[in-house]
Amino acid sequence: MALISSPSSNGHQRYLSFSRREREIALISPVSLPWSCVHQRYLSSSSIRIRCSNERQALFNRISPVYDNLNDLLSLGQHRIWKRMAVSWTEAKKGENVLDLCCGSGDIAFLLSQKVGVHGKVTGYDFSKDQLLVAASRQHLSLKACYNNIVWIEGDALDMPFPDTSFDAITVGYGLRNLVDRPKAMKEIFRVLKPGSKVSILDFNKSASPFTTSIQEWAIDNVVVPVASNYGLAKEYKYLKSSIHEFLTGRELEKLALETGFSHAKHYEIGGGLMGNLVATR
Ligand SMILES: C/C(=C\Cc1cc(O)c2ccccc2c1O)CCC[C@H](C)CCC[C@H](C)CCCC(C)C
Ligand SMILES: C[S@@+](CC[C@H](N)C(=O)[O-])C[C@H]1O[C@@H](n2cnc3c(N)ncnc32)[C@H](O)[C@@H]1O
């Protein structure tokens with residue numbers, strides 16, 4: 001198993017892929033990618049909110065040591081059910097070639113690995129090296145033979161190093177909301193997805209219900225952030241609330257998918273409306 005940086009320059013994208021049999025963590029010397037940095041600083045009542053991919057990259061590097069444990073604790077393990085639902089909606093099959101975009105520590109990539117089996121291939125793709133190192137070490141420590149079908153590649157979701165129509169299915173778990181240019185991300189997803197195949201995009205739900213929104217915000221303010229502050233990560237988890245506020249509703253996500261060129265798009269509210277999953281077919 002290998003961790004690979006994807007040097008990319010416009011028009012001449014290439015990436016290296018190691019043999020899937022390798023189990024050691026191989027870190028190719030990274031080429032600094034030209035991260036787009038949409039730098040808008042503005043003061044809110046409680047914090048400075050910064051929208052910049054470089055700073056989001058740093059945020060996910062910082063939280064990587066505790067990310068998995070806090071997800072389990074703060075969702076009482078429910079996030080694992082939501083991720084299984086997201087993978088199920090891809091309709092990925094044995095032997096297929098699938099992408100977990102914004103894979104982080106690999107939760108969904110590992111689920112996809114079991115779905116496509118030893119003859120399939122899973123690409124876990126993320127721009128956080130520290131998240132990918134957690135994913136690769138989890139793979140290394142696991143005894144599941146199918147996990148040999150996963151390769152981890154470092155790169156920007158807005159400029160992926162994969163040829164057109166590469167993948168039979170794509171998952172994006174809690175990634176789209178964190179991307180600074182969502183239309184561009186959807187165009188990239190459309191480009192690398194095979195015709196007739198599905199992308200399954202799991203994230204927090206920007207609910208139309210004031211009641212659901214108040215529950216979501218209360219939980220973040222009064223449980224999530226205080227727990228995160230014990231790890232010195234209050235600012236990082238405070239970002240959750242503003243990012244959900246600035247996200248798209250289910251209807252808006254369906255509209256974005258159809259405008260991108262997807263033939264069908266449907267957003268499902270799950271977790272009592274706290275979470276949502278968009279399923280779009282190319
Ligand atoms: C897996 C989950 C969130 C992943 C995640 C996504 C982000 O964009 C982040 C940004 C910054 C820091 C952390 C994250 C991040 O962890 C969802 C579950 C974990 C949540 C942290 C907890 C959410 C609590 C719900 C609002 C209420 C749950 C009620 C009930 C226990 C199900
Ligand atoms: C909340 S984590 C989700 C991780 C995993 N999918 C899960 O469900 O737990 C969001 C991930 O998106 C990645 N990410 C954010 N912006 C990105 C970008 N422009 N390109 C690649 N990865 C990005 C972050 O590094 C982080 O690992």
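Each value in this text was obtained by applying a stated rule to the coordinates, not by laboratory testing. Everything numeric in this text was worked out from a predicted model, so none of it was measured. A quick note on method: Cβ atoms are made from the backbone with ideal geometry, for glycine too, and the neighbour counts reach across all protein chains shown.
Annotations for the structure displayed:
- Inter-part distance, segment 167-244 to segment 74-116, computed on C-alpha centroids, equals 15 Å.
- Residue order, fewest to most beta carbons within 10 Å, for THR213, THR260, THR249: THR249, THR213, THR260
- Note: relative contact order over segment 49-173, using C-alpha pairs below 8 Å and six or more positions apart, is 29 percent.
- Amide H to amide H distances under 5 Å link ILE270 with MET275, GLY276, ASN277, where only residues 5 or more positions off or on other chains count and H is placed in the peptide plane.
- Partner lysines for LYS235 [C-alpha distance under 23 Å; skip if fewer than 8 residues away on the same chain]: LYS129, LYS206
- Each peptide in 151-162, 130-141, 63-74 gets a packing score, the mean of other Cβ atoms within 10 Å over its residues, and the list from highest to lowest is 151-162, 130-141, 63-74.
- Shape category assigned to segment 118-262 from the gyration tensor of Cα positions, a/c cut at 1.5: oblate
- Within segment 141-240, the trypsin sites (Lys or Arg not before Pro) that combine a DSSP coil assignment with at most 13 other C-beta atoms in a 10 angstrom radius are LYS144.
- Legend: calculated FRET efficiency, LEU73 to THR249, from the Cβ-Cβ distance at R0 = 22 Å, rounded to 0.05, equals 0.20.
- Rounded FRET efficiency, nearest 0.05, which uses the C-beta distance separating ALA58 from SER142 and R0 of 22 Å: 0.20
- Beta bridges per DSSP, both residues in segment 153-281: antiparallel share near 70 percent.
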